[in-house]
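Taken together, the values in this text are just the output of simple stated rules run on the coordinates, not laboratory data. Just so it is clear, the model here is predicted, and its values are computed rather than measured. Reconstructed Cβ throughout: ideal geometry from the backbone, glycine too, with neighbour counts over all protein chains shown.
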Amino acid sequence: MAEIKLTDLTKSYGPTEVLHHVEGEIKDGEFIVIVGPSGCGKSTLLRMVAGLETVTSGEIAIAGRRVNELEPSARDIAMVFQNYALYPHMSVRENMAYGLKIRKLSKAEINKRVEEAADILEIRQYLDRKPRQLSGGQRQRVAMGRAIVRDPQVFLFDEPLSNLDAKLRVQMRLEIRKLQQRLGVTSIYVTHDQVEAMTLGDRLMVLNGGYVEQFGTPIELYDRPASVFVAGFIGSPAMNFIPAMVEGDTMVLSTQAKLPAISSYRGAALLGIRPEHLTPDENGPIAIDVDMVEQLGANTLLHGKLNGSDHEMVASVPGHVSTETGAQHRFSVASELLHLFDPATEKRLEA
Amino acid sequence: MLKRVHFPSSPLPYLLVAPQLAITLVFFIWPASQAMYQSFLIEDAFGLGSEFVWFENFEVLWEDQHYLDAFWRTAIFSLLVAALSMGFALVLAGFAQRVVRGAMAYRTLLIWPYAVAPVLAGALWVFMFNPTLGIFPYFLDFVGIDWNHYLNGNQAMALVVMAAAWKQVAYNFLFYLAAMQSIPNSVIEAAAIDGAGPGRRFFNIILPLISPTTFFLLVINMVYAFFETFGIIHAVTQGGPGTSTTILVYKVFNDGFVGLDLGGSAAQSVVLMVLVIAMTVVQFRYVERKVEY
């Protein structure tokens, strides 16, 4: 149980800086998800916390103790790797017991802990098997078991579910969340899957190109994305963006469609509308020429172009909608659901 | 009949394999069969005639204390060579894997000794350890060791073991390095997080995971020490002093071409041939199949 504090954290490989001044405080028992596209530095950040990468500048503190110079083993952390990283020549029991043996715990204590963890993860019947005799999901459980038995202050997860099939991934996701809540251990979880991030995290740290774009709860990120990047990354299907000009009391879209102004900001802006916030309305200001329809059952996705422009738009409409391609659909949006961004800095424009 | 229609007979395939077949026949099959035949003969003292004696040469070998001694000597020699060169290669590979800067240069340099011919390798070590001129006896003198491998059998054995092992280190190094690099990095990292220091990681994780390579190299090195160290021994000690570095393959040469006991020498070489066949079988049976872990 520990809080983690990242202060002005920077990482460079030679002259190339890959992480820029990362700041963040993680509370005791919190589940933090670091999310971002490939190459954004999220794994590097996690590996720095683990002690597998050196810190170029800045400070990492776990439970109030600076750990920059500590070996991974001295940081009291446990990590679950993407490829599980089980020891292939050891049985499941030996895999889980290895860290405890090094700590010179008594045989009885080791057995007790391993069996407890095995019961929690329902892998007791596999204890004497070798990793290669297990399926992907079972290996993942063993990897988690190896982390649990150590009873560390912090769990680190490096994309642990990305090698599993879709169904198993959803199931394991729930299990990881339940397990973390039950054990109450501070956890950092890295993923590129925004759905995984939204469902797992107490708070999300969105990384892009080595910068922290936003750090907040999933709902904060969804309701008030701090930048165009976060707005486009969180939510599925992704947010629609339309260039607009705010003049007087109206917002004029690039297609001359007009919406009421939502903030005191005046000038050029980028308007963001989530597909699920577009409500079918025959007199609505937004017209979409639909060129493709995706039926998802519960709702229908209408893909098309904003009438009179080249802007790709997606609208998510509840229920079944049958339409011909080329048909025009009109929508309106509640003004509190509109997002406005500065077109130059791509930052959110507040009301 | 059908086959002939589909594959019209042509001399081309035979022509293409002919060189390889010719080499095999001239340099392997024919000498081997000659040796087999000769091992059943006893030459008279003047080399004017020979007598067919069936297995008498082998029976003599079995009762010859010199030969049995040479057998043990060979076993010790090859075990020492294998252990020394593999141990050294393992340490070097372990360090080479951690080297980040200049790794290529480091590895290339370590591979060079393999390209040195056995006789030259032997000559190199003879000069380094020459009791009157060599640099090492000069240094050893300071620590009170009187080095003279021309007189001291154990020192002579140590010298040929070192020379033979040195030459083989490069080969073992290459295989060990490849084996270590095939271990996923995350497994090592997981062990580091589990609290294992570099030494413990090496013995608990890396060593067991490269055990198939260790077994493969053990067989290869034994074969090397048994059969390919002739040049080194001939250049360094010529089997001496006395017979203290006469291993089986050197005894074959010595008895045959120096002692002119062609029948006995041929019988020895047949024994060696059986040994190498046995080792090859072991290698194919067990090395091809992955060692269980």
Worksheet entry | Residues (closer than 25 Å to A:SER263 by Cβ and more than 27 Å from the chain's Cα centre (by Cα)) located in the range A:312-332 | A:ARG330, A:PHE331, A:SER332
Practice prompt. Give A:LEU259, A:LEU221, A:LEU204 a once-over and let me know the one that is without any contact (Cβ under 8 Å) to a residue 40 or more places away in the chain, in contact with a Leu (Cβ under 9 Å, 6 or more places away or on another chain) and surrounded by 20 or more Cβ atoms within 10 Å (Cβ to Cβ).
Written response: A:LEU221
Item to complete: Could you tell me whether A:PRO72 is free of Cβ contacts under 8 Å to residues at least 40 places away in the same chain and either among the hydrophobic types (A, V, I, L, M, F, W, C) or within 21 Å of B:PRO184 (Cβ to Cβ) (or both)?
Response: yes
Worksheet item: In the range A:116-135, how many residues are more than 12 Å from A:LEU183 (Cβ to Cβ) and either surrounded by fewer than 15 Cβ atoms within 10 Å (Cβ to Cβ) or charged (D, E, K, R) (or both)?
Response: 10
Worksheet entry | strands (runs of 3 or more DSSP E) contained in the range A:160-229 and holding at least 1 residues among the small types (Gly, Ala, Ser) and under 26 Å from A:LEU9 (Cα atoms) | A:186-191, A:211-216
Worksheet item: So which pairs qualify, if the first residue must be in the range B:179-199 and within 23 Å of A:PHE155 (Cβ to Cβ), the second must be among the hydrophobic types (A, V, I, L, M, F, W, C) and in a loop (DSSP other than H, G, I, E, B), the Cβ gap must be under 6 Å, and the two must be at least 6 apart or on different chains?
Response: B:SER186/A:PHE81; B:SER186/A:ALA85; B:VAL187/A:ALA85; B:GLU189/A:LEU52; B:ALA190/A:ALA85
Worksheet item: Out of the residues in the range A:63-79 that are under 19 Å from B:ALA190 (Cβ atoms) and surrounded by fewer than 21 Cβ atoms within 10 Å (Cβ to Cβ), which is farthest from the other protein chains (Cβ to nearest Cβ)?
Response: A:LEU70
Worksheet item: Quick one: in the range A:230-250, which of the residues that are within 27 Å of the chain's Cα centre (by Cα) and in a strand (DSSP E or B) is surrounded by the most Cβ atoms within 10 Å (Cβ to Cβ)?
Response: A:ASN240
Item to complete: Would you check if B:VAL81 is surrounded by 15 or more Cβ atoms within 10 Å (Cβ to Cβ) and either touching a Pro at 6+ places or on another chain (Cβ under 7 Å) or within 23 Å of B:GLU228 (Cα to Cα) (or both)?
Response: yes
Item to complete: Grab the helices (runs of 4 or more DSSP H) fully contained in the range B:153-223, keeping just those with 2 or more residues being on the phi < 0 side of the Ramachandran plot and away from every other protein chain (no Cβ under 11 Å).
Response: B:153-181
Worksheet item: For the range A:31-52, how many residues meet the condition of being within 14 Å of another protein chain (Cβ to nearest Cβ), in contact with a strand residue (DSSP E or B) (Cβ under 7 Å, 6 or more places away or on another chain) and not hydroxyl-bearing (Ser, Thr, Tyr)?
Response: 4
Practice prompt. Quickly run through the range B:133-181 and pick out the residues that are over 24 Å from the mean Cα position of the chain (by Cα) and aromatic (Phe, Trp, Tyr).
Written response: B:PHE136, B:TYR138, B:PHE139, B:PHE142, B:TRP147
Worksheet item: What about B:THR245, is it touching a residue at least 12 places away in the same chain (Cβ under 8 Å), in contact with a helix residue (DSSP H, G or I) (Cβ under 9 Å, 6 or more places away or on another chain) and either part of a loop (DSSP other than H, G, I, E, B) or surrounded by fewer than 21 Cβ atoms within 10 Å (Cβ to Cβ) (or both)?
Response: yes
Practice prompt. Restrict the check to the range A:82-94 and report whether at least one residue is of a type outside the set (Ser, Thr, Tyr), touching a helix residue (DSSP H, G or I) at 6+ places or on another chain (Cβ under 6 Å), within 11 Å of chain B (Cβ to nearest Cβ) and buried (at least 21 other Cβ atoms within 10 Å of the Cβ).
Written response: yes
